[in-house]
Amino acid sequence: MSQALRILTVTLNPAFDLVGRVPRIEIGEVNTVETLGLYPAGKGINVAKVLADLDVDLSVSGFLGKDNQGDFVQLFEQNKLDDQFQRIDGKTRINVKITETENDVTDLNFLGFNVSEQDWQTFVDHSQQWHTQFDLVAVCGSLPRGISAEQFADWLKSLKNQGLKVVLDSSNAALTAGLKASPWLVKPNHRELETWIGRKLNSIDEIIDAAKELQAQDIENVIISMGAEGSIWLSKDAILQAQPPRCENVVSTVGAGDSMVAGLIYGLTKGFEQAHTLAFASATSALAVSQSNVGVSDKAQLETILQQVKISQL
Ligand SMILES: Nc1ncnc2c1ncn2[C@@H]1O[C@H](COP(=O)(O)OP(=O)(O)O)[C@@H](O)[C@H]1O
Ligand SMILES: O=P(O)(O)OC[C@H]1O[C@](O)(COP(=O)(O)O)[C@@H](O)[C@@H]1O
């Protein structure tokens, strides 16, 4: 099948993920943690890694600290990702992810490096040519220090004004500001949607109502992910709900959201129908929770999960 869209993922604040497992975190005590891995990551890089595993050619951009870039460069080379990252002074952050036996993952996400005004201006200037190279730009993850929510929103608007399809997957102030730029597709999780709307959402109906408010901000595709409960996609054509098979052996939920974004982009790029795209994205994300690292190493397993995803029209 041919690839219709030229894709770039942007990670302004990448991270090494230090992933481990412990039966239970004892707060204030010494905890011995089983190491699962130390991976070059960050939301847009994870999305790119999954797409590369699915044989999609794409480019990656954002900022990388000069002092510890080796593993990232190796990852880009191994996955044949076109490296358009801008190098800046300092180190890329390390985030700590601990899975407890009976619980979800505890994330310790650090703030990251500082991007100078000059670095940001260089980046913005460069991005004004992206329409000549790309059709779809996925902007994923938090903002590093030095970039304000307002600067971020203005920049996203400039991407949209170039005619690019902008995918946004972020949280907190960056999400709220970024939504003002009316991206083409957004994928907040349940909790991020609650933060944006400022109230608890206790049922599917309440989630859909909140998602409709998002959609009304001129956002074509609103996907709300709800962990093991699956996801909901509101588009102009339909409201679809997906239920993936519940993964019984959760190794790490880190990267589930990123894998879902990658699966959505994959389906949209290949011209799949909406229901098939959501099923595919659900399978990709369900596969992610059964492994510590992000990526699709076993396509047969992906296909098996895909057969078990249930899609319903609401
Ligand atoms: N325990 C699980 N079993 C099966 N699928 C899951 C599980 N947890 C997450 N997923 C899949 O991953 C998607 C994204 O997970 P979620 O936790 O909502 O995203 P994020 O990582 O952005 O917080 C879900 O919509 C679902 O398809
Ligand atoms: O940029 P943020 O919001 O701090 O998130 C970065 C973290 O998100 C991740 O990309 C995982 O995201 P998801 O679990 O939402 O898919 C990690 O690799 C990384 O440490």
To the nearest Å², the heavy-atom accessible area per residue of the chain with 1.4 Å probe amounts to 45
Length gained if D55 through E117 is fully extended, taking 0.36 nm per residue and subtracting the Cα-Cα distance, is 18.7 nm
So the FRET efficiency between E34 and D104, C-beta based with R0 = 25 Å and rounded to 0.05, is 0.90
Across T269, T176, T132, the residue with the highest GNM fluctuation in the chain (Cα network, 10 Å cutoff) is T132
Looks like segment 1-121, by Cα gyration tensor root eigenvalues a ≥ b ≥ c and the a/c under 1.5 rounded cutoff (else prolate when a/b is bigger than b/c, oblate otherwise), is oblate
With Cα springs under 10 Å, the Gaussian network model of the chain assigns the largest mean-square fluctuation among G178, G146, G65 to G146
One finds the C-alpha centres of segment 175-253 and segment 8-76 to be spaced, in Å, by 24
Each label sits 7 Å from Cα toward the beta-carbon; between T195 and K180 the label points are separated, in nm, by 1.7
Once E29, E248 are ranked on solvent-accessible area with the largest value leading and a 1.4 Å probe, the list reads E248, E29
Projected onto the charge dipole of the chain (unit charges on the beta-carbon of Lys, Arg, Asp and Glu, signs +1, +1, -1, -1), the Cα from V250, N172, T122 with the largest positive-side position is that of T122
Stretched fully, the stretch from D135 through D83 gains (0.36 nm per residue minus C-alpha distance, one decimal, in nm) 17.0 nm
Filtered hits (lysines, Cα-Cα < 29 Å from K236, offset >= 8 within chain) -> K43, K157, K160, K165, K180, K187, K200, K212, K270, K310
Under the rule rounded for a/c under 1.5, else prolate if a/b exceeds b/c, else oblate, using alpha carbon gyration tensor axes a ≥ b ≥ c, the chain is classed as rounded
Probe 1.4 Å, all chains present, heavy atoms only: M226 accessible area in Å², nearest 10, is 20
A 1.4 Å probe over the protein heavy atoms gives segment 249-314 a carbon and sulfur accessible-area percentage of 50
Highest GNM mean-square fluctuation among I25, I219, I147, for the chain with Cα springs under 10 Å, belongs to I25
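The values are calculated or read from the model by the stated rules, or taken from the named source; none is laboratory data. Keep in mind the model is a prediction, meaning the values are calculated, not measured. Here the Cβ is made from the backbone with ideal geometry for all residues, glycine too, and neighbour counts use every protein chain on show. Calculation scope for accessible area: heavy atoms of the full protein, side chains included, ligands and nucleic acids excluded. Shrake-Rupley method; radii C 1.70, N 1.55, O 1.52, S 1.80 Å.
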